[in-house]
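Structure first, then comments.
Derivation of every value follows stated rules applied to the coordinates shown; laboratory data play no part. Note that this is a predicted model, so its numbers are computed, not measured. Glycine also receives a Cβ, built like all others from the backbone with ideal geometry; neighbour counts cover every protein chain displayed.
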Amino acid sequence: MSEKYTDTIKYWDNVFSQYTEYNPAQKIQVQEIEDGVTWLAEDSKSTIDFGCGGGRVMLRCLDKGMEYVYGIDISNNAIEIAKKVIEKHKYEEKAKVVCGGLEKLYDIADNSFESAILFNIIDNLIPEDSIELIKNIHRIIKPNGKILLKLNPYITKQKREEYKFVEISHEFYKESSGLYLWNLTNEMIEKNLEFFFIIEKYEEVEFKQYNMINRMYYLRNR
């Protein structure tokens, strides 16, 4: 998988080379995300976070009462940040992180986690990899388990031209940053989810500092 994501890895390694450690006991400043983590942690003892970055969201789950979290990210620099926080806060028995991609999911047993976090990952993978990720999360999460899914906004044609996105296939682009974007409408998202998950709630999450709105789904595994 990593060969297809060379530019993605470079981008995120650079981002996380400038990232600082954090305190997972501190509230996440975006209230909608904090509320989503609270929902995820209720009656859920474990979570898997694919595309975990520095582990901020999954480690927040531990502070809210979860017993075990497992994170996967393609950026080694991101994983190193997460490891430092885990060690500093003595979470070694409760948290594990690994560097890698979809291949890390194949060795995980069916129904072995009670919840999952998928933040800005479904729409930043090659579409066939996104579908494979959805299938594996469905397999790994227990029936009726929770999934907190967050995606980028749909980017209009005007904005795509302004940002100089390169079109690879229909609604699939490569950004100048090197990141992929599967530019999903809400209808496309829900069509890809409906066979695997039940949508409990949808809301928009505003990031004022970036003048951007993300989309967040509260899901239940079928």
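Take Ile198 and decide whether it is closer than 21 Å to Glu42 by Cα, over 16 Å from the mean Cα position of the chain (by Cα), β-branched (Val, Ile, Thr) and outside any loop (DSSP other than H, G, I, E, B). Yes: the conditions hold for Ile198. Can you say whether Lys159 is part of a strand (DSSP E or B) and of a type outside the set (A, V, I, L, M, F, W, C), as far as the supplied structure shows? Against the criterion (part of a strand (DSSP E or B) and of a type outside the set (A, V, I, L, M, F, W, C)), Lys159 does not qualify. So in the range 1-37, with the set limited to residues that are surrounded by 15 or more Cβ atoms within 10 Å (Cβ to Cβ) and hydroxyl-bearing (Ser, Thr, Tyr), which one is farthest from Ile121 (Cα to Cα)? Applying the filter and picking the extreme gives Tyr22. Whenever a residue of the range 41-68 is closer than 13 Å to Lys146 by Cα, its partners that are surrounded by fewer than 19 Cβ atoms within 10 Å (Cβ to Cβ) and of a type in the set (A, V, I, L, M, F, W, C), lying with C-beta atoms within less than 9 angstrom and at least six residues away or across chains, give the pairs Ile48/Leu105; Ile48/Ile108.
Working only within the range 136-158, note down all residues that are charged (D, E, K, R) and over 15 Å from the mean Cα position of the chain (by Cα). Show your work before the answer.
Taking the range 136-158 as the starting set, the residues that turn out to be charged (D, E, K, R) are 139, 142, 146, 150, 157.
Matches in the range 136-158: Arg139, Lys142, Lys157.
Mind checking whether some residue in the range 182-195 is hydroxyl-bearing (Ser, Thr, Tyr), exposed (fewer than 13 other Cβ atoms within 10 Å of the Cβ) and not in a helix (DSSP H, G or I)? Yes, the range 182-195 has at least one match.
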